[in-house]
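Report on one structure; see the data block that follows.
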Ligand SMILES: Nc1ncnc2c1ncn2[C@@H]1O[C@H](COP(=O)(O)OP(=O)(O)OP(=O)(O)O)[C@@H](O)[C@H]1O
Ligand SMILES: [Mg+2]
Ligand SMILES: [Zn+2]
């Protein structure tokens, strides 16, 4: 077996700010890797570079597709990235409104990726959308309502359904539970954990919620000021943190 | 032909520019080619794009037919026909089979075109995605990547809300299995006539400054779903004048008492059958 995604020597600057400073990371099939760190540490920048949504100033990102072919993400054309995003990957945004079409029904939102992938049977598309609504614990009877009618937590579920309906191999999630009530967050995390296990997904999860990382991730990468300061198996990093910054992160959670 | 105007009204430089755009449009069926549209002596919405295309392809031996909603005798059709008669001295006709160039708004004639004939459409809005994606740079990208899931979502929404696709006019088509195209606002009933048509179909949009084309015998498929196939809808009546059960019908009010009847929208076709 080889890694799905492998990145090395990533640098990204915004003026004087080093958003990424010599970052390396890899993710293996079926693995959940959490990227944690304080605000501004470069988590979202890393995710965007890995997903080809932002170009790093230097470094390399290699993605291996199901057929074993390698794609250099930093050199990939728009069309190639679009293909990967359509067929192999999914991206879950913190703000569901950034991902959903707010004037399109729940069924249309979930079905869009199927249609983009070439499916042309209305009944099948609708049936898959209904199944996915159930799978994210939404009432399939609401398939024709637009996301405007839904709570923040439901919008996030809908975004997850829309992302997973095409069976992606690798899903990028940027603070998928951010901005939601604590009780809603807990249910959503449970849901994500179930889906990830059922579908054998590889997930790169950005969060500054250490509890979420503990619940979901096999491995943790700790970032600070654009650098990876520590990485390892989740239990090891959280129970026996080596870097002083990680120790601080973990203890501040315990205190909270 | 009146003096003081160049043949066909347009200056030769403009015609050359449009003639350079036309082969590109023909070479990439359904793809919109920008061109530097000229101000014409009539307002946008009156077919300035179609008129410029016609003016650029017109030769002294051409025979021109102009229809508006299928009719040769509406004000718009009559003025455009007269205009070209005056500025180019070309022969005009109402007979579809006699014409070498047919300029049209909103219809395709019922009489099938033959090889060598050219149908010029007046197009108000060439971009089929504009209602779904208002950003021009993004629609250009979607075309480049043939990323048309969004258009299919719109059809999905129509069926989910109304049980059927709601576009009886301007139903989007895929041209040559590659480009999504707006068929100018013709009735969905006419869409199948675009498919493998023997004639050359040219589309001119004056305000948006775009030209596109469907070369002869090109595949033109109306977007649909396997289980909700595209249906070219027609009012379930016979023409009150000629009895046709095949042609596209207009409903016309006949008196103040609310009397109405259905008649062919293609007036020449109807007249020939009476
Ligand atoms: N487009 C941009 N222009 C300028 N600076 C940027 C841009 N994007 C990110 N930065 C800067 O890069 C650094 C890393 O930002 P990034 O968004 O990756 O952090 P983050 O870890 O995701 O933070 P948060 O937890 O707040 O989301 C920050 O200093 C940020 O201000
Ligand atoms: Mg962030
Ligand atoms: Zn008739």
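The values are calculated or read from the model by the stated rules, or taken from the named source; none is laboratory data. Fair warning: this is a prediction, and the values are worked out from it, not measured in the lab. No Cβ is skipped: glycine too gets one built from the backbone with ideal geometry, and neighbour counts run over all protein chains shown.
A few remarks follow.
- Here is the figure for the stretch B:154-189: residues that are under 24 Å from residue B:138 (Cβ atoms), surrounded by fewer than 23 Cβ atoms within 10 Å (Cβ to Cβ) and within 9 Å of chain A (Cβ to nearest Cβ) total 2.
- In the stretch A:87-97, the residue that is surrounded by the most Cβ atoms within 10 Å (Cβ to Cβ) out of those that are touching a residue at least 60 places away in the same chain (Cβ under 8 Å), away from chain B (no Cβ under 14 Å) and outside any strand (DSSP E or B) is A:96.
- Conditions (1) surrounded by fewer than 19 Cβ atoms within 10 Å (Cβ to Cβ); (2) within 12 Å of another protein chain (Cβ to nearest Cβ); (3) assigned to a helix (DSSP H, G or I): number failed by residue B:192: (2)
- Checked across the stretch A:149-167, the condition of being in contact (Cβ under 8 Å) with a residue 40 or more places away in the chain and out of contact with any helix residue (DSSP H, G or I) (no Cβ under 8 Å at 6 or more places or on another chain) holds for no residue.
- Any chance residue A:206 is within 16 Å of ligand 2 (Cβ to nearest atom), surrounded by 20 or more Cβ atoms within 10 Å (Cβ to Cβ) and within 30 Å of residue A:83 (Cβ to Cβ): yes
- Residue match in the stretch B:203-214 (condition: within 14 Å of chain A (Cβ to nearest Cβ) and farther than 14 Å from residue B:108 by Cα): no
- Filtering A:36, A:17 for residues that are within 16 Å of ligand 2 (Cβ to nearest atom), surrounded by fewer than 23 Cβ atoms within 10 Å (Cβ to Cβ) and either more than 14 Å from chain B (Cβ to nearest Cβ) or at pLDDT below 95 (or both) leaves a single hit, A:17.
- Residue match in the stretch A:56-76 (condition: out of contact with any helix residue (DSSP H, G or I) (no Cβ under 7 Å at 6 or more places or on another chain), over 30 Å from residue A:149 (Cβ atoms), more than 16 Å from ligand 2 (Cβ to nearest atom) and within 14 Å of chain B (Cβ to nearest Cβ)): yes
- Condition met for residue A:28 (modelled with pLDDT of 95 or more, under 30 Å from residue B:156 (Cβ atoms) and out of contact with any helix residue (DSSP H, G or I) (no Cβ under 6 Å at 6 or more places or on another chain)): no
- Residue within the stretch A:29-43 that is under 27 Å from residue A:199 (Cα atoms), within 15 Å of ligand 1 (Cβ to nearest atom) and assigned to a helix (DSSP H, G or I) present: yes
- Restricting attention to the stretch B:31-73, the residues that are assigned to a loop (DSSP other than H, G, I, E, B) and either at positive phi or touching a helix residue (DSSP H, G or I) at 6+ places or on another chain (Cβ under 9 Å) (or both) total 21.
- Matching option when the condition is assigned to a loop (DSSP other than H, G, I, E, B), more than 14 Å from chain A (Cβ to nearest Cβ) and on the phi < 0 side of the Ramachandran plot, among B:134, B:128: B:128
- Taking the listed residues A:128, A:185, A:159, A:155, the one that is part of a helix (DSSP H, G or I) and within 16 Å of ligand 1 (Cβ to nearest atom) is A:185, with no other qualifying.
- Scanning the stretch A:171-182 for residues that are surrounded by fewer than 22 Cβ atoms within 10 Å (Cβ to Cβ) and either away from ligand 1 (no atom under 16 Å from the Cβ) or assigned to a helix (DSSP H, G or I) (or both) turns up A:181, A:182.
- Candidate set: the stretch A:131-145, residues that are surrounded by fewer than 17 Cβ atoms within 10 Å (Cβ to Cβ) and not in a helix (DSSP H, G or I); chosen: the one farthest from the other protein chains (Cβ to nearest Cβ): A:137
- Any hit, the stretch A:148-164, residues being within 14 Å of chain B (Cβ to nearest Cβ), within 26 Å of residue B:228 (Cα to Cα), over 15 Å from the mean Cα position of the chain (by Cα) and at pLDDT 95 or above: no
- Test: residue in the stretch A:166-179 that is more than 16 Å from ligand 2 (Cβ to nearest atom) and within 16 Å of residue A:35 (Cβ to Cβ): yes
- Residue that is surrounded by the fewest Cβ atoms within 10 Å (Cβ to Cβ) [pool: residues in the stretch A:101-119 that are farther than 17 Å from residue A:134 by Cα and within 7 Å of chain B (Cβ to nearest Cβ)]: A:116
- Among the candidates A:46, A:84, residue that is in contact with a strand residue (DSSP E or B) (Cβ under 8 Å, 6 or more places away or on another chain), within 16 Å of ligand 1 (Cβ to nearest atom) and part of a helix (DSSP H, G or I): A:46
- Taking the stretch A:197-217 as the range and being in a helix (DSSP H, G or I) and touching a strand residue (DSSP E or B) at 6+ places or on another chain (Cβ under 6 Å) as the test, the residues that pass are A:213, A:216.
- Residue that is under 18 Å from residue B:182 (Cα atoms) and under 22 Å from the mean Cα position of the chain (by Cα), where the choices are B:222, B:247: B:222
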